[in-house]
Ligand SMILES: [Zn+2]
């Protein structure tokens, strides 16, 4: 008898890097985590399958979604080759104003001198100083990852600005977000040919205005930083809020225990209640 998923965990990664820092998983731990997923029979599913699942279609019992926020260069250097080796797939949310031009840089399994990797704070400073290319993917690398089938790419806005924090009033906030989403859409359409209806909120922030503006801009799936698992057939077809589990810089055994919990609806909900 085929068993179907009762809950689908969506994992949230940022950096996979040898430069330690905030929201960073080491390449060793990442490789171990991916080997665990592949060996334990997990299926990594894409955005279209997740969407169908949320609408009520069945998925295999051990289904999981991998997501990467912000489009860091280290995703190409350290995540892409590991995903490729195992035949696993992930979603990456791009901040389109940060993406550079130029040739593909070396990755961990391509041979050649790998680019220096900045830690999270150094990367933030590089972006502030107008040098995002030192920290962020290039379009050439994005294309190579798409062609390899390791990553699909979605919007994380054009600027990553928290419009709620920089705006004097609600109209300014709404106009800022609206422009930001339109600019990201234009960049993604120009470079990738299409834009999905999956959007990742910068810093996980959203409010009623944000949700209304993003829905008007055509988005239907919203990736939050709120912890939890995801369940089929929920009665919210207009807007699907997707909860995620932040992956720590820990060995595969840690990930295994998190997935055990969050593929079981009752246990997942009880666990989150206790943690709160
Ligand atoms: Zn982000």
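For the residues 32, 101, the requirement of being surrounded by fewer than 16 Cβ atoms within 10 Å (Cβ to Cβ), at pLDDT 95 or above and under 27 Å from residue 121 (Cβ atoms) singles out 101. Among the residues of the stretch 74-87, those that are buried (at least 20 other Cβ atoms within 10 Å of the Cβ) and more than 16 Å from the ligand (Cβ to nearest atom) comprise 76, 77, 78, 80, 82, 83.
In this structure, residue 147 does not qualify as modelled with pLDDT of 95 or more and under 15 Å from residue 24 (Cα atoms). From the list 187, 168, the lone residue that is surrounded by fewer than 17 Cβ atoms within 10 Å (Cβ to Cβ) and either at pLDDT 95 or above or closer than 20 Å to residue 221 by Cβ (or both) is 168. Taken as a whole, the stretch 218-228 holds at least one residue that is more than 16 Å from the ligand (Cβ to nearest atom) and farther than 28 Å from residue 60 by Cβ. Scanning the stretch 141-168 for residues that are over 16 Å from residue 70 (Cα atoms), assigned to a helix (DSSP H, G or I) and in contact with a helix residue (DSSP H, G or I) (Cβ under 6 Å, 6 or more places away or on another chain) turns up 148, 163, 164. Please find, within the stretch 110-124, the residue that is nearest to residue 95 (Cα to Cα) out of those that are more than 16 Å from the ligand (Cβ to nearest atom) and free of Cβ contacts under 8 Å to residues at least 40 places away in the same chain. The qualifying residue nearest to residue 95 (Cα to Cα) is 116. Does residue 180 satisfy being more than 30 Å from residue 19 (Cα to Cα), at pLDDT 95 or above and within 14 Å of the ligand (Cβ to nearest atom)? Considered against the rule, which asks whether it is more than 30 Å from residue 19 (Cα to Cα), at pLDDT 95 or above and within 14 Å of the ligand (Cβ to nearest atom), residue 180 comes out as yes. For residue 111, the requirement of being farther than 30 Å from residue 211 by Cβ and modelled with pLDDT under 95 is met. Exactly one residue out of 36, 42 is away from the ligand (no atom under 16 Å from the Cβ) and in contact with a strand residue (DSSP E or B) (Cβ under 9 Å, 6 or more places away or on another chain): that is 42. Give the residue that is surrounded by the fewest Cβ atoms within 10 Å (Cβ to Cβ), with candidates limited to residues of the stretch 126-162 that are without any contact (Cβ under 8 Å) to a residue 40 or more places away in the chain and within 16 Å of the ligand (Cβ to nearest atom). Per the criteria, the residue is 128.
The values are calculated or read from the model by the stated rules, or taken from the named source; none is laboratory data. Note that the coordinates shown come from a computational prediction; the quantities given were computed from them, not determined experimentally. Here the Cβ is made from the backbone with ideal geometry for all residues, glycine too, and neighbour counts use every protein chain on show.
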